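The values are calculated or read from the model by the stated rules, or taken from the named source; none is laboratory data. Everything numeric in this text was worked out from a predicted model, so none of it was measured. Cβ placement follows ideal geometry from the backbone for every residue including glycine, while neighbour counts extend to all protein chains displayed. Ligands, DNA and RNA are excluded from the accessible area calculation, which covers all protein heavy atoms including side chains. Shrake-Rupley method; radii C 1.70, N 1.55, O 1.52, S 1.80 Å.
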Amino acid sequence: GGSLCVHGCPEESLRAAAGVLRRMGAQVWNQEKRWAVAVKERLQGIPYVETRPYPDFPTYLQSPLMAAFSVASGRSRIRETIFENRFSTAWELRKMGAQIQVDGNLACIDGVRRLKGARLQAPDLRGGAALVLAGLQADGITRIERTEYIERGYEDICRDLGSVGARIR
């Protein structure tokens, strides 16, 4: 729930992601390199999303999308067409109570109401960011280890997420 506005994003860079968020029930709009997202109710799962080369849905957003689908209402499926073995985040999300089944390059996610805090290991940069997002909405404390991936890829993710209300260190 809530809303967020991000400045400095060219329209074309997030068009495919915005389309997926809209299909999930979020309100998304952009104007003059600003993207805004508002979510009033629980997001809805999407029957099928496939990663594809630009300008379609990017593989680097697949892990955060999986985290979102983990708590969305209904069943969702993600097919990864760019990189093999890109679903390592699924195993960590399952430790939090996510209902995810992986079969090759297809992940089937049945959304749960809430995830629970757990001790996790960041599998890579994007997967680590997805675990941070999952941990922020989970009940209890989430501890993420192997954060060197996250720290290398984001200048100061704790500061940035803290600036919008996250309790993170």
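Looking at the range 1-88, the pairs of alpha carbons with a distance over 16 Å make up 54% of the total. Packing here is the average count of other Cβ atoms within 10 Å per residue, and on that basis the peptides 4-13, 142-151, 62-71, highest first, run 62-71, 142-151, 4-13. With all protein chains present, how much of the accessible area of the chain (probe radius 1.4 Å) comes from carbon and sulfur, to the nearest whole percent? With neighbouring chains kept in place, the figure for the chain is 49 percent.
Tell me the trypsin sites (Lys or Arg not before Pro) within the range 1-68 that lie in a loop according to DSSP and have at most 11 other beta-carbon atoms within 10 Å. Write out the running numbers ahead of the final one.
Working: sites: Arg15, Arg22, Arg23, Lys33, Arg34, Lys40, Arg42; in loops: Lys33, Lys40, Arg42.
Here the sparse-neighbourhood loop sites are Lys40.
Gyration tensor over the Cα atoms of the range 75-169: the corresponding equivalent ellipsoid has semi-axes (square roots of 5 times the eigenvalues, largest first) of 23, 17, 11 Å.
Among residues other than Glu11 with Cβ under 15 Å from its Cβ, the summed charge is +2 (Lys and Arg +1, Asp and Glu -1).
Using 0.36 nm times the number of residues separating Arg169 and Glu145, minus their current alpha carbon distance, what extension gain do you get? Could you put the intermediate results ahead of the total?
Values: separation 24, 0.36 × 24 = 8.64 nm, distance 1.22 nm.
Working it through step by step, the gained length comes to 7.4 nm.
Among the chymotrypsin sites (Phe, Trp or Tyr not before Pro) within the range 1-66, those in coil by DSSP and having at most 15 neighbouring Cβ atoms inside 10 Å are Tyr48.
Using the Cα gyration tensor of the chain, with a ≥ b ≥ c the square roots of its eigenvalues, what is the shape: rounded (a/c below 1.5), prolate (a/b larger than b/c) or oblate (neither)? It comes out rounded by the Cα gyration axes.
I'd like to check one number: the per residue accessible area of the chain, probe 1.4 Å, reported in Å² as a whole number.
Working: 9830 Å² over 169 residues.
Averaged over the residues of the chain, the accessible area is 58 Å².
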